[in-house]
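Read the structure below first, then the notes.
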Amino acid sequence: MDRKQFLQSITALPFAGAGLMGLSELGKLSQNIENKGVTMPALFLGHGSPMNAIEENEFVANFRKIAKQIPEPTAILCVSAHWETRGTFVTAMQNPPTIHDFGGFPKALFDVQYPAPGSPELAKQTQQLVTSAHVELDDKWGLDHGAWSVIKHLYPNANIPTIQFSIDYTKPPQYHYELGKELAALRKKGVLIIGSGNIVHNLRMLDWKNIHTDNFGFDWAFEADNKIKEYIKSGDHKSLINFASQGRAFELAIPSPEHYLPLLYTLALKGENEDISIFNDKAVGGSLTMTSVKIG
């Protein structure tokens, strides 16, 4: 079962508009939040089908609910499963385009625009913050559907400056976890860091007959998802980093790492005594889970 077939599943609602926030305003807001001693929460969001961008369901309702539970960020940095690169990049344009990085879907999905401003200044700060790797500034990418399809539910006015941080597909999981740790300082500047992927993501094994059956998952999908949640709750990040050695259920759940690695970025941000909660804890179509995580 190919990825395109899975991602085509539902119908559409219109999208509503946007505003801009200047860099000076970003700086002022960042200063205010730092002065209050606020550390922004961090999120891992199971994004599922890009059709979630334009349909109403319990998953997007919970995205909206989470946004109401946390302070409004000064900016957003998103690590999306859909921006894989050789090398590590951060988007640095003032006005990132909305990327429709898929094909064969309803026109309503292609009509969606999410015109959030970028932040060249935040991109430069991120580049300087990371010392364990060379981070290049990018002016060609934009916001892919791993980012905008979920962020539009959190902040529908598209008024929060948003940048993306790429996944270097040549590097091992430990590399990504360590990079996540280096990004943690941004949380004290009011930046909301979002990892966007899926914990269980095997589209080849999707069961189309049960695509709309509530919380339908194969045994191995629940086994892997439950074990990962155990590791998350117990703080066993070492086992999560070494997911490839966790047995057959993990092999089926994570046939390729790009949708799993954003979880490691989010977990690396966790402070010693921070709360962690799990939401959208359901399976879709047998071989995908929408399990999402909030830190702080």
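The values are calculated or read from the model by the stated rules, or taken from the named source; none is laboratory data. Just so it is clear, the structure is predicted and the values come from calculations on it, not from any experiment. Virtual Cβ from ideal backbone geometry, glycine too; neighbours counted across all protein chains shown.
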(request) Mind listing just one residue for me: the one in segment 275-294 that is touching a residue at least 60 places away in the same chain (Cβ under 8 Å) and part of a loop (DSSP other than H, G, I, E, B) and, of those, surrounded by the fewest Cβ atoms within 10 Å (Cβ to Cβ)? (result) LYS282
(message) Return the pair list, or none, for Cβ contacts closer than 8 Å from residues in segment 117-132 that are of a type in the set (A, V, I, L, M, F, W, C) to residues that are surrounded by fewer than 18 Cβ atoms within 10 Å (Cβ to Cβ) and assigned to a helix (DSSP H, G or I), at least 6 apart or on different chains.
(response) LEU129/GLU182; LEU129/ALA185; VAL130/GLU182
(request) Go through segment 196-243 and give me each residue that's outside any helix (DSSP H, G or I) and among the polar types (S, T, N, Q). (result) SER196, ASN198, ASN202, THR213, ASN215, ASN242
(request) Six or more apart or on different chains, Cβ under 9 Å: which pairs go from a residue in segment 170-191 that's over 14 Å from THR126 (Cβ atoms) to one that's assigned to a helix (DSSP H, G or I) and of a type in the set (Phe, Trp, Tyr)? Could you list them? (result) PRO173/PHE243; HIS176/TYR265; TYR177/TYR265
(request) State the number of residues belonging to segment 77-131 that are at pLDDT 95 or above, closer than 18 Å to SER196 by Cβ and charged (D, E, K, R). (result) 1
(request) For residues that are touching a strand residue (DSSP E or B) at 6+ places or on another chain (Cβ under 6 Å) and among the hydrophobic types (A, V, I, L, M, F, W, C), scanning just segment 100-137, find the one that is surrounded by the fewest Cβ atoms within 10 Å (Cβ to Cβ). (result) ALA133
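The rows are residues; the columns are (1) over 21 Å from ILE276 (Cβ atoms); (2) in contact with a Lys or Arg (Cβ under 9 Å, 6 or more places away or on another chain).
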site: PRO156; (1), (2): yes, yes
site: GLN174; (1), (2): no, no
site: TRP220; (1), (2): yes, yes
site: LYS227; (1), (2): no, no
site: TYR231; (1), (2): no, yes
site: GLN246; (1), (2): no, yes
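Matching residues to (1) over 16 Å from the mean Cα position of the chain (by Cα); (2) among the small types (Gly, Ala, Ser); (3) within 17 Å of VAL79 (Cα to Cα):
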site: LEU109; (1), (2), (3): yes, no, no
site: THR126; (1), (2), (3): yes, no, yes
site: VAL150; (1), (2), (3): no, no, yes
site: ASN157; (1), (2), (3): yes, no, no
site: GLN164; (1), (2), (3): no, no, yes
site: LEU183; (1), (2), (3): no, no, yes
site: LYS189; (1), (2), (3): yes, no, no
site: ASN202; (1), (2), (3): yes, no, no
(request) Give the residues of segment 198-218 that are within 21 Å of PHE279 (Cβ to Cβ) and of a type in the set (S, T, N, Q), sorted by residue number. (result) ASN198, THR213, ASN215
(message) Cβ-Cβ under 7 Å, sequence separation 6+ or interchain: first residue in segment 137-148 and on the phi > 0 side of the Ramachandran plot, partner surrounded by fewer than 24 Cβ atoms within 10 Å (Cβ to Cβ). Which pairs?
(response) GLY142/PRO97; GLY142/THR98; GLY142/ILE99
(request) Identify the single condition in (1) modelled with pLDDT of 95 or more; (2) over 23 Å from VAL150 (Cβ atoms) that ASP281 does not satisfy, given that it satisfies every other one. (result) (2)
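Give segment 49-65 a look and list any residue that's among the hydrophobic types (A, V, I, L, M, F, W, C) and not in a helix (DSSP H, G or I), or say none.
Keep residues of segment 49-65 that are among the hydrophobic types (A, V, I, L, M, F, W, C), which gives 51, 53-54, 59-61, 63.
The answer is ILE54, and nothing else.
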(request) Mind telling me which of the residues LYS152, LYS68, LYS140 ends up being surrounded by fewer than 19 Cβ atoms within 10 Å (Cβ to Cβ), among the charged types (D, E, K, R) and outside any loop (DSSP other than H, G, I, E, B)? (result) LYS68
(request) Kindly establish whether MET93 is without any contact (Cβ under 8 Å) to a residue 60 or more places away in the chain, crowded, with 17+ Cβ neighbours inside 10 Å and part of a helix (DSSP H, G or I). (result) no
